[in-house]
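As structure tokens, the structure follows; a few thoughts come after it.
The values are calculated or read from the model by the stated rules, or taken from the named source; none is laboratory data. It should be emphasised that the depicted structure is a prediction, and the values quoted were computed from it without experimental measurement. Reconstructed Cβ throughout: ideal geometry from the backbone, glycine too, with neighbour counts over all protein chains shown.
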């Protein structure tokens, strides 16, 4: 079984050393690269091609949010897990919008960090339970404000109305499973399609809806009533 290749991005040497020492003892994990700021992270990630990048947010020069945005644009295959001291809604939402696949604070238990890494590496989203309430609060606020409640349309920023009608039946199936947290492999198994075919469907869905992250897709699916909360 191949190990999950990790990259650590943090401006504190002591933090990186401690993380590396711990993670190297965990079965199936391998720290292959480190960086001390966002710019360095981009350069070294393109060289090392890690599976998961543990990204600090507050760093000198280029911060973790900007580095995540650029990495997702230049190296779409990389998966970013925010690992930060910030137990803050603004940072949480901004990192998800930047393209992070997970968010966990440095106060979390060591076992939770390992679980977060494995979850993200598998293509799923990891949100520390104590923080995920913010996303749920936003979803519930959006659904309560929706008019009509189960509208087939959604109103994204910019005032352009887009709706489920622009998607094919197959694309709706894929979007629903994406919003429920399934990765490409799992969706492919359910629909009897290859992961590559699912990836192409997701790309077409994002293009049609003019969306750029999984978080946007999930919010759209909830606003339009394709998936339900609770």
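Among the residues of segment 89-97, is there at least one that is in the same structural domain as residue 8 (by TED's automatic domain parsing), under 12 Å from residue 7 (Cα atoms), without any contact (Cβ under 8 Å) to a residue 60 or more places away in the chain and more than 13 Å from the chain's Cα centre (by Cα)? It would help to see each step written out before you state the result.
As a first pass, look at segment 89-97 and keep what is in the same structural domain as residue 8 (by TED's automatic domain parsing): 89-97.
So of that shortlist, the ones also under 12 Å from residue 7 (Cα atoms) come out as none.
No; the residues of segment 89-97 include none that is in the same structural domain as residue 8 (by TED's automatic domain parsing), under 12 Å from residue 7 (Cα atoms), without any contact (Cβ under 8 Å) to a residue 60 or more places away in the chain and more than 13 Å from the chain's Cα centre (by Cα).
Would you call residue 100 touching a strand residue (DSSP E or B) at 6+ places or on another chain (Cβ under 7 Å) and either surrounded by fewer than 23 Cβ atoms within 10 Å (Cβ to Cβ) or part of a loop (DSSP other than H, G, I, E, B) (or both)? Talk me through it step by step, then tell me what you get.
Values: touching a strand residue (DSSP E or B) at 6+ places or on another chain (Cβ under 7 Å): yes; either surrounded by fewer than 23 Cβ atoms within 10 Å (Cβ to Cβ) or part of a loop (DSSP other than H, G, I, E, B) (or both): yes.
So residue 100 passes the test.
Does segment 46-53 include one or more residues that are assigned by TED's automatic domain parsing to the domain that holds residue 99, buried (at least 19 other Cβ atoms within 10 Å of the Cβ) and out of contact with any helix residue (DSSP H, G or I) (no Cβ under 7 Å at 6 or more places or on another chain)? Looking for residues that are assigned by TED's automatic domain parsing to the domain that holds residue 99, buried (at least 19 other Cβ atoms within 10 Å of the Cβ) and out of contact with any helix residue (DSSP H, G or I) (no Cβ under 7 Å at 6 or more places or on another chain), one finds at least one in segment 46-53, hence yes. Checking the structure you have, find out if any residue of segment 60-83 is modelled with pLDDT of 95 or more, over 17 Å from the mean Cα position of the chain (by Cα) and surrounded by 22 or more Cβ atoms within 10 Å (Cβ to Cβ). No - not one qualifying residue is present in segment 60-83. When segment 26-41 is filtered for residues that are surrounded by fewer than 23 Cβ atoms within 10 Å (Cβ to Cβ) and in contact with a helix residue (DSSP H, G or I) (Cβ under 6 Å, 6 or more places away or on another chain), the ones remaining, listed by number, are 26, 29, 31, 32, 33, 34.
Having 2 or more residues that are at pLDDT below 75 is the bar; report the helices (runs of 4 or more DSSP H) wholly within segment 122-202 that clear it. Give the derivation first.
Numbers: elements: 129-145, 169-179, 184-191.
Because the criterion is at least 2 residues that are at pLDDT below 75, the helices (runs of 4 or more DSSP H) in segment 122-202 that meet it are 129-145.
Could you tell me how many of the residues in segment 211-225 are over 19 Å from residue 93 (Cα atoms) and surrounded by fewer than 20 Cβ atoms within 10 Å (Cβ to Cβ)?
To start, the set of residues in segment 211-225 that are over 19 Å from residue 93 (Cα atoms) comprises 224-225.
Still in the list and also surrounded by fewer than 20 Cβ atoms within 10 Å (Cβ to Cβ): 225.
Adding up the residues that qualify gives 1.
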